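A.B. asks: Got a structure for you, written out below as structure tokens; questions coming shortly.
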Amino acid sequence: MLLCAPRGFCAGVDRAVQIVELALERYGAPVYVRHEIVHNKFVVEGLRTKGAVFIEELTEIPEADVERPVVFSAHGVPKSVPAAAQARNMFYLDATCPLVSKVHKEAEIHHRRGREIILIGHAGHPEVIGTMGQLPEGAVRLVETVADARAYEPTGDRPLAWITQTTLSVDDTKEIVDTLTERFPDIVAPHKDDICYATTNRQEAVKAVAPKVDAMVVVGAPNSSNSQRLREVAERAGCPTAILVQRAADIPWDALPALSRLGITAGASAPEVLVEEIIGAFADRYRVTVETVRTADETVAFNLPRVLREPVVS
Ligand code: SF4
């Protein structure tokens, strides 16, 4: 069994989960969380049992609980969300990953400089909704595919700029960017890639392992963009069978080919305990030896919001 490294939790997910846990410790239950804090059922259920209440919109918080803390998820939120929280005098903690906030700031700068902004991403993903919601409607236009990039018609004669969702396929995005750059040579690019270090590193590790294994198991949720991309990257890198599973109970044993070598990785929102559970399930059926294939070392860590770092005064 070849275990991809890096895999699993990234610094943004780690920070977001810690924010909810610390808020529960400090302020007691309930702590409201807008949207799944990260796209993983196991993580969400764990926090729910500790007293987190997951909602999709702030309007679901009853007036009697308006003073309870509310946490915004790692994916980021449109500007209208903190504005609505302020209007109701809510105490909110923003768990938006700092690398998503960086993209929000880029969008604002482009807008201030009069540029038309193209966001490369997946329609309906909460991060895309959050990034588009940093600016007035129509200021950011979505491009999802190379075909969209080929068909893109600027709305006027303003200069163009592109930004991206943080969890895309590095290779697909390059094709879209190449198409845009070929059509609009003056288009402004980000100074540093918007696809984050964690997404890039996990895809690189999968590319190193995928050609050597009969199947690749990606531990992650179906609504996790970076996990879905890992499954696609494994297939494109030559792995005949790549499957996405949330827990050991989901492994489709009958759909697996004859295995002499298996690869395992995990999306950025999947905790290591689930990887261990899945290794255990294979160990129950096969004779397993585990070798780690590491393609990068990660040392990124993000600060918690100031209010959670300050000592508690009693
Ligand atoms: Fe942040 Fe990247 Fe993790 Fe998303 S995947 S939370 S952008 S570090």
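A.B. asks: Only residues that are buried (at least 20 other Cβ atoms within 10 Å of the Cβ) and either of a type in the set (Phe, Trp, Tyr) or assigned to a strand (DSSP E or B) (or both): list them for the range 230-283, please.
C.D. replies: ALA242, LEU244, VAL245, LEU262, GLY263, ILE264, THR265, ALA266, PHE282
A.B. asks: If we scan the range 232-244, do we find a residue that is outside the structural domain of ILE120 (by TED's automatic domain parsing), within 18 Å of GLU298 (Cα to Cα), in contact (Cβ under 8 Å) with a residue 24 or more places away in the chain and more than 16 Å from the ligand (Cβ to nearest atom)? If you could, list the steps in order and put the result at the bottom.
C.D. replies: Keep residues of the range 232-244 that are outside the structural domain of ILE120 (by TED's automatic domain parsing), which gives 232-244.
Checking which are within 18 Å of GLU298 (Cα to Cα) leaves us with none.
Within the range 232-244, none of the residues are outside the structural domain of ILE120 (by TED's automatic domain parsing), within 18 Å of GLU298 (Cα to Cα), in contact (Cβ under 8 Å) with a residue 24 or more places away in the chain and more than 16 Å from the ligand (Cβ to nearest atom).
A.B. asks: For the range 284-314, how many residues are open to solvent by less than 40 Å² (accessible area, probe 1.4 Å) and not in a loop (DSSP other than H, G, I, E, B)? Can you show your working first?
C.D. replies: Step one: of the range 284-314, the residues open to solvent by less than 40 Å² (accessible area, probe 1.4 Å) are 293, 296, 304-305, 308.
Among the residues that remain, those that are also not in a loop (DSSP other than H, G, I, E, B) are: 293, 308.
Selection size over the range 284-314: 2.
A.B. asks: A follow-up question, please. Can you tell me which condition SER227 does not meet? The list is (1) within 18 Å of the chain's Cα centre (by Cα); (2) part of a helix (DSSP H, G or I); (3) more than 22 Å from GLY46 (Cβ to Cβ), and all the others hold.
C.D. replies: Evaluating SER227 over (1) within 18 Å of the chain's Cα centre (by Cα); (2) part of a helix (DSSP H, G or I); (3) more than 22 Å from GLY46 (Cβ to Cβ) leaves (3) as the failure.
A.B. asks: Could you please let me know if ASN201 is open to solvent by 20 Å² or more (accessible area, probe 1.4 Å), of a type outside the set (Val, Ile, Thr) and within 13 Å of the ligand (Cβ to nearest atom)?
C.D. replies: Numbers: open to solvent by 20 Å² or more (accessible area, probe 1.4 Å): yes; of a type outside the set (Val, Ile, Thr): yes; within 13 Å of the ligand (Cβ to nearest atom): yes.
Yes; evaluated as a whole, the condition is true for this residue.
A.B. asks: To continue, here is another question. Looking at the range 95-116, I want the residues that are of a type in the set (D, E, K, R) and have a partner that is in a helix (DSSP H, G or I) and at pLDDT 95 or above with Cβ atoms under 8 Å, at least 6 apart or on another chain. Which pairs are those?
C.D. replies: none
A.B. asks: One residue is enough: does the range 131-139 have a residue meeting the conditions surrounded by fewer than 22 Cβ atoms within 10 Å (Cβ to Cβ), hydroxyl-bearing (Ser, Thr, Tyr) and at pLDDT 95 or above?
C.D. replies: Scanning the range 131-139, I find no residue that is surrounded by fewer than 22 Cβ atoms within 10 Å (Cβ to Cβ), hydroxyl-bearing (Ser, Thr, Tyr) and at pLDDT 95 or above, so the answer is no.
A.B. asks: Just to verify a result, which residue in the range 204-224, among those that are part of a loop (DSSP other than H, G, I, E, B) and touching a residue at least 60 places away in the same chain (Cβ under 8 Å), is most open to solvent (accessible area, probe 1.4 Å)? Steps first, answer last, please.
C.D. replies: The first filter runs over the range 204-224 and keeps only residues part of a loop (DSSP other than H, G, I, E, B), leaving 213-214, 220-224.
Restricting the remaining residues to those that are touching a residue at least 60 places away in the same chain (Cβ under 8 Å) gives 213, 220-221, 223-224.
Working: VAL213: 9, GLY220: 3, ALA221: 3, ASN223: 71, SER224: 3 Å².
Ranking the qualifying residues of the range 204-224, first place goes to ASN223.
The values are calculated or read from the model by the stated rules, or taken from the named source; none is laboratory data. Fair warning: this is a prediction, and the values are worked out from it, not measured in the lab. In this analysis, Cβ positions are derived from the backbone assuming ideal geometry, glycine residues included, and neighbour counts consider all displayed protein chains. Ligands, DNA and RNA are stripped out before the accessible areas are found, and what is left, the full protein with its side chains, is counted by its heavy atoms. Shrake-Rupley method; radii C 1.70, N 1.55, O 1.52, S 1.80 Å.
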